[in-house]
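A quick write-up on the structure given underneath.
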Amino acid sequence: MNRRQRANVIAEQDEATAIADRALGAYLGLAIGDSLGATVAHLSAREIALEFGVHSRLIGGGWLGLKPGQVTDDTEMALCVGRALTKAGGWNLRAVCDELAAWLRSAPIDVGHACRRGFRRYIVEGTVQAVATEGHATNGACARNLPVVLACLDRTDLLDRYTLDQCHISHHHPLADAAALTLARMTRALILGHGMAAARTEANALVREHPVFMFKNYRGPCSADIVDTVRMVLCQYFAASDPRACLIATVNQGDDADTSGALVGMLAGATWGAAALPTEWMRRLDRTIAAEIRAQVAALLQIAHVSSTAATA
C-alpha cells in the first residue's frame, strides 16, 4: 500500500467514525430530548417559567411522574422499531408490528391515541396499514422513525418506502407522511455530514409543498398535531448554535414537549454528534436505555452497510 492509498484508508476510517458519532448522537439526542421535555409536557411556556425559570435538567417528574432520565413512548417506540430491524437483519414490517404490539401489551406509561388504535388493530385484525383519516395527522409515527433512517443510511430509495410503511401502521395522512419523510431525509443528510444547509433544503421543500409547515419565527402552540410539532422543531433547530441551547429552547415552549424535544434532539445530535451532547444529560439518561441505543446504532449501521454493498454488487 502506497502513501496515497494509506491516506485514503485513514480518511475513510475517519469519515466512518464521524458518521457513527452523529448516528449515535441522533439516537441519544432523541432519548435525552424526550426525557428533558417530559418533565414540562402539557405545561405552557408561562407555567414553565413560573415553576422552573428555565428548565434544563433531567429531573423526571412531570405529569407522568417519571424518574430522572426516564423516557416516554417516543423513545420506547423507536427502540421497538430498532429491535425489529436488528433481529430481522433488515426491514420486516410484520416484525415491526409485532414489537409495537408487544410493547402495547406491556402497559407502557404513555401511548398516543393514534398509536394505540393502530397497534390494537394489528393485534385484532393482523392488518399492517391504517385507513387514511384526518385523525392521523399527529406526531407519534414520525417520532419513532429514526431506526429506519439508520438502517437505510446509504439507500435513499428504501428510506422513503420504509418510512411510509412504518408510519402507516398507525398514522396515514398526507401531512404526517410529508413530515416524517422530511425529518427522515434531514436526519440522513446530517448524519452523513452534509450539514445544516442540506437539512434546510429539505425543510424548505416541505414548506413549498405544504405551506402550512411554514416555521420561520414560529412561537407555538406545540400540540401533538404534526404541523404544530414540526413547525416548533424546525424553528428552534435552525435558530440554535449548539445541542444544549437547541433542546432547552424547544422544551421550554411546553405543550407536547417530550415529542418536540425528542425530534429536535434527534436533529441536534445528528448535527453535532454524540460527543457534543452535554455530559450532565448523558450521565442522567437511563443507563439501560442508553446501552440499548448504543447496541442498536452499531447493528443498524451494519445493516445499512450490508444493504449498500448489496445494492452496488
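What are the pairs, 6+ residues apart or on separate chains, where a residue within the stretch 153-182 that is in contact (Cβ under 8 Å) with a residue 60 or more places away in the chain has its Cβ under 8 Å from a residue that is buried (at least 24 other Cβ atoms within 10 Å of the Cβ) and part of a loop (DSSP other than H, G, I, E, B)?
Here the result reads Leu158/Cys152; Tyr162/Cys152; Gln166/Arg144; Gln166/Asn145, each pair linking the stretch 153-182 to a residue that is buried (at least 24 other Cβ atoms within 10 Å of the Cβ) and part of a loop (DSSP other than H, G, I, E, B).
Across the stretch 251-266, what is the number of residues that are over 17 Å from Leu58 (Cβ atoms) and either under 9 Å from the mean Cα position of the chain (by Cα) or assigned to a helix (DSSP H, G or I) (or both)?
Total meeting the criteria: 1.
May I ask you to verify whether Thr17 is touching a residue at least 60 places away in the same chain (Cβ under 8 Å) and assigned to a helix (DSSP H, G or I)?
No, not satisfied.
Take the residues in the stretch 199-212 that are more than 18 Å from the chain's Cα centre (by Cα) and part of a helix (DSSP H, G or I), then tell me which one is surrounded by the most Cβ atoms within 10 Å (Cβ to Cβ).
By that ranking, first place goes to Val207.
With the requirement that a residue be outside any helix (DSSP H, G or I) and crowded, with 16+ Cβ neighbours inside 10 Å, what does the stretch 213-223 give you?
Phe215, Tyr218, Pro221, Cys222, Ser223
Among the residues of the stretch 124-147, how many are touching a Leu at 6+ places or on another chain (Cβ under 7 Å) and surrounded by fewer than 24 Cβ atoms within 10 Å (Cβ to Cβ)?
Here the count works out to 2.
Can you pull out the helices (runs of 4 or more DSSP H) entirely within the stretch 78-178 that have at least 3 residues that are within 18 Å of the chain's Cα centre (by Cα) and not hydrophobic (A, V, I, L, M, F, W, C)?
156-167
For the subset of the stretch 44-59 comprising residues that are in a loop (DSSP other than H, G, I, E, B) and out of contact with any Gly (no Cβ under 7 Å at 6 or more places or on another chain), which member is nearest to Ala245 (Cα to Cα)?
Of everything passing the filter in the stretch 44-59, Ser56 is nearest to Ala245 (Cα to Cα).
I'd like to verify a number: residues in the stretch 224-253 that are surrounded by fewer than 24 Cβ atoms within 10 Å (Cβ to Cβ), more than 23 Å from His171 (Cβ to Cβ) and not hydroxyl-bearing (Ser, Thr, Tyr), how many?
Number satisfying all stated conditions: 9.
Evaluate the following for Thr182: is it out of contact with any strand residue (DSSP E or B) (no Cβ under 7 Å at 6 or more places or on another chain), within 26 Å of Arg294 (Cβ to Cβ), assigned to a helix (DSSP H, G or I) and not aliphatic (A, V, I, L, M)?
Here the answer is no, as Thr182 does not meet what is asked.
Report yes if some residue within the stretch 227-237 is out of contact with any strand residue (DSSP E or B) (no Cβ under 9 Å at 6 or more places or on another chain), of a type in the set (Asp, Glu), in a helix (DSSP H, G or I) and in contact (Cβ under 8 Å) with a residue 40 or more places away in the chain; otherwise report no.
For the stretch 227-237, residues out of contact with any strand residue (DSSP E or B) (no Cβ under 9 Å at 6 or more places or on another chain), of a type in the set (Asp, Glu), in a helix (DSSP H, G or I) and in contact (Cβ under 8 Å) with a residue 40 or more places away in the chain: absent.
In this structure, is Asp286 in contact with an Asp or Glu (Cβ under 9 Å, 6 or more places away or on another chain) and within 23 Å of Trp63 (Cβ to Cβ)?
Criteria not met by Asp286.
Please go through (1) hydroxyl-bearing (Ser, Thr, Tyr); (2) under 16 Å from the mean Cα position of the chain (by Cα); (3) in a loop (DSSP other than H, G, I, E, B) for Thr75 and return the number of the only condition it doesn't satisfy.
(3)
Being at pLDDT 95 or above and of a type in the set (D, E, K, R): is that true of Arg155 here? Write out each step before concluding.
Values: at pLDDT 95 or above: no; of a type in the set (D, E, K, R): yes.
So Arg155 fails the test.
The values are calculated or read from the model by the stated rules, or taken from the named source; none is laboratory data. All figures in this text were calculated on a predicted structure; none of them were measured in a lab. FYI the Cβ positions are ideal-geometry reconstructions off the backbone, even for glycines, and counts take in every protein chain you see.
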